Structure formats: structure tokens, C-alpha cells
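Below is one structure; the comments refer to it alone.
The values are calculated or read from the model by the stated rules, or taken from the named source; none is laboratory data. A quick note: this is a predicted structure, and the numbers were derived from the prediction, not measured. Ideal geometry is used to build each Cβ from the backbone, glycine not excepted, and the neighbour counts take in all protein chains shown.
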Amino acid sequence: MLLGESDIMKTLHTTIHQLSTNRLPVLITGETGVGKGLVAQAIHFGGPRQSKPFVPVNCGAIPSTLSESAFFGHVRGAFTGAEDHKGYFESANGGTLFLDEIGDMPIEDQTTLLHVLDDSTIMPVGATESKKVDVRVIAATNVGLSARVNAKLFRPDLYYRLTGMIISIPPLRDRTEDILPIAELYLSQFATQMGVLTPPLTPEASAALETYPFPGNVRELIHIIEGAVMISQGAAIQPEHLRFRFPDADVLPPPVTGIDEPSPLNVPDSAPHPDTETDMSEVPFLPLNEALARYERQYIYQVLDWTGGNKAAAARLLNIPQRTLYRKLAKYNL
């Protein structure tokens, strides 16, 4: 459900209504947690394709070796043990394919999408005949695709095929008038689920919600409200019931402590200067590549700790593909 009473959200609802009546490809941009998936669903279910499939795909979670099969499917015998399998495009036939986190798709896999977007034809792996599909494509990203195009990390031809219309969803902190209506709706929903009376928001709690920057956007607000209902058990919501992740309004994760490895820059004052005649193997500095690796390990640990171990969220915060994160986790034994 897409909520909001701000002028920004009213304009967004009008745009969604206009887009739901055609099959123009749409790119939805915005920070993590702003509701890009909800906008995609609203476009799909508000139009003539509403009775057909809505198929969401996390583009950053598809291994390169399986990309073609995942999107186009495969036939029996295509590889050892293979049975007939529909890919995402065929599964979404007649409906909408939602390509979430399209910016995380490796550039070598992006070619797989180009031809089907051009002629609506797919070729399952191992098949000898192509298939026609009728699929509307909606993509979403929390990274700047135009910047990725300039950095040669995203194909410009694919970018132009996906951007029939671009919708940019502003972060919750830029539309504070939407915070309390969303909070009150979810207060009622969670109270019903937990079997307690719907708790009112005290003026102090309302003020705390309206002044918090919500780095996790609507998704974070929903989690905070759910926790507040659980803690209050039907009593009025007080500021202490609102468990903000960053009570000091710091959007960045706090520094991590307790990591076993020492900082590579923690050099004793007694360290010999390189201008002196000494055995440099005894100087307690690390080679640059090792120092950078230690810092990278520490920072990844920090981000994972902040996301509660959620690797998909950590990859988005680090602005790297999920598969790259998995490689680094294995490398650093995290």
C-alpha cells in the first residue's frame, strides 16, 4: 500500500495512474526502503494487466552462470538433469516483470535482456525455437544508472530501453508530512495482529518521529512502529517505545569495536624513522595492500553488523553486487 498525503505523493499517485494504462517501460529510482516495489505493484495492479502475473526479480542475486536460464528458462536435456523450466519472462507473460536492483546486474549479464526488450522474443537454453512473450518491464534501482553508464558499468543501450519514463521517489525525510499518517496506519495493523488496543501516539512520540531522518525510509518506519506496539502493549506510544537505530540522527553506521585485528595505523611512538639506518623489516607498518585489506574487512564487518547480517542490504549500502560481497566474505572469513 502506497501511502502519503504530501504534494509529492499526490503527484506520484497521478503519475502511477497515468502509467498503469499503457506498457511504457518504467525506471523507478530512490533510496533503499522508499517503496520502489510498491510503486511497481501499483502500476501493475492499477491497469489492464492486473489479472496477469507480477513477477519480481532481484537482479543482484542471480549468478552470472545462471542468468540466461533464469530469464529465458531451459528445456529438458539442456544440461545434466535439466527439466523444462520457465524463465522469468515466460512466467510474466501477459503481465509485468519487475527488475529490482537492476543497477547491481553485472555488465556481462546485461546483454541477455537487450534482445527480448527489442523484439519480445526469448530463446530458452537448449531450445531450437524461440517464443514470443508479452511482458511489461518495470525496473528499479537505488544507485545512479547514468553514473554507472559513464563509468562503463551499465550498458547505455539497455539504459535507454528501460527509461521510457523515470519515476524518482523522494526519501521520507523530504516529506515529513507523510510520516504520521503512515505510522498511524501501521499502528492499527500491528495492534490488530498482536491482539491489543490500537495505541495512540503521544505528542512527544509524534515529534520524535517527525524529526528523525529515517535513513531506512518507510521500511524503517514500519519496523519502528511494529516494535513500539509490541513494547507498549496497547498503552500510549511514548518516545522511549520508539527504538531508533540512530537516536542521534546519524545516518552512517557507528564505528565498530571489538574486532580482533589491530588497526594497521596503530604504530608505536618508538617506531624507527625510515631515514635512520635500521632494518626496515622491523618497522611495524604494513604493506599498503595488506593495510587496505584490513580496513576493507573491518568496514564490511561494520556494515554487516549494522544491517543485522542482512547481506542484500549490506551489498546495497556498500554499492557492490551481492555476489561481490559473498566473495569478500569468503576472502575475509566473515
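Numbers for the structure displayed
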quantity: Matching residues in the stretch 9-44 - criterion: being closer than 15 Å to ASN217 by Cα and among the hydrophobic types (A, V, I, L, M, F, W, C); calculated: MET9, VAL34, LEU38, VAL39
quantity: Criterion (farther than 20 Å from ARG23 by Cβ and either of a type in the set (A, V, I, L, M, F, W, C) or surrounded by 15 or more Cβ atoms within 10 Å (Cβ to Cβ) (or both)) met by exactly one of VAL75, VAL116, VAL133, VAL55; calculated: VAL75
quantity: Enumeration of residues in the stretch 195-209 that are assigned to a helix (DSSP H, G or I) and either touching a helix residue (DSSP H, G or I) at 6+ places or on another chain (Cβ under 6 Å) or surrounded by 15 or more Cβ atoms within 10 Å (Cβ to Cβ) (or both); calculated: GLU204, ALA205, SER206, ALA208, LEU209
quantity: Some residue of the stretch 177-187 being surrounded by 16 or more Cβ atoms within 10 Å (Cβ to Cβ) and in a loop (DSSP other than H, G, I, E, B); calculated: no
quantity: Number of the condition not met by SER20 [criteria: (1) at pLDDT 90 or above; (2) touching an Asp or Glu at 6+ places or on another chain (Cβ under 9 Å)]; calculated: (2)
quantity: Long-range neighbours under 9 Å by Cβ, at least six apart or interchain, first residue not assigned by TED's automatic domain parsing to the domain that holds PHE54 and surrounded by 23 or more Cβ atoms within 10 Å (Cβ to Cβ) within the stretch 17-37, second of a type in the set (A, V, I, L, M, F, W, C) and outside any loop (DSSP other than H, G, I, E, B); calculated: none
quantity: Breaking point among (1) hydrophobic (A, V, I, L, M, F, W, C); (2) under 28 Å from GLY73 (Cα atoms); (3) surrounded by fewer than 14 Cβ atoms within 10 Å (Cβ to Cβ), for ALA140; calculated: (3)
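For (1) modelled with pLDDT under 75; (2) assigned by TED's automatic domain parsing to the domain that holds ALA208; (3) loosely packed, with under 15 Cβ neighbours inside 10 Å; (4) out of contact with any helix residue (DSSP H, G or I) (no Cβ under 7 Å at 6 or more places or on another chain), each residue gets a yes or a no:
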{"residue": "ASP248", "(1), (2), (3), (4)": "yes, no, yes, yes"}
{"residue": "THR257", "(1), (2), (3), (4)": "yes, no, yes, yes"}
{"residue": "GLU261", "(1), (2), (3), (4)": "yes, no, yes, no"}
{"residue": "PRO264", "(1), (2), (3), (4)": "yes, no, no, no"}
{"residue": "THR276", "(1), (2), (3), (4)": "yes, no, yes, yes"}
{"residue": "PHE285", "(1), (2), (3), (4)": "yes, no, yes, yes"}
{"residue": "ALA293", "(1), (2), (3), (4)": "no, no, no, yes"}
{"residue": "GLN298", "(1), (2), (3), (4)": "no, no, no, yes"}
{"residue": "LEU318", "(1), (2), (3), (4)": "no, no, no, no"}
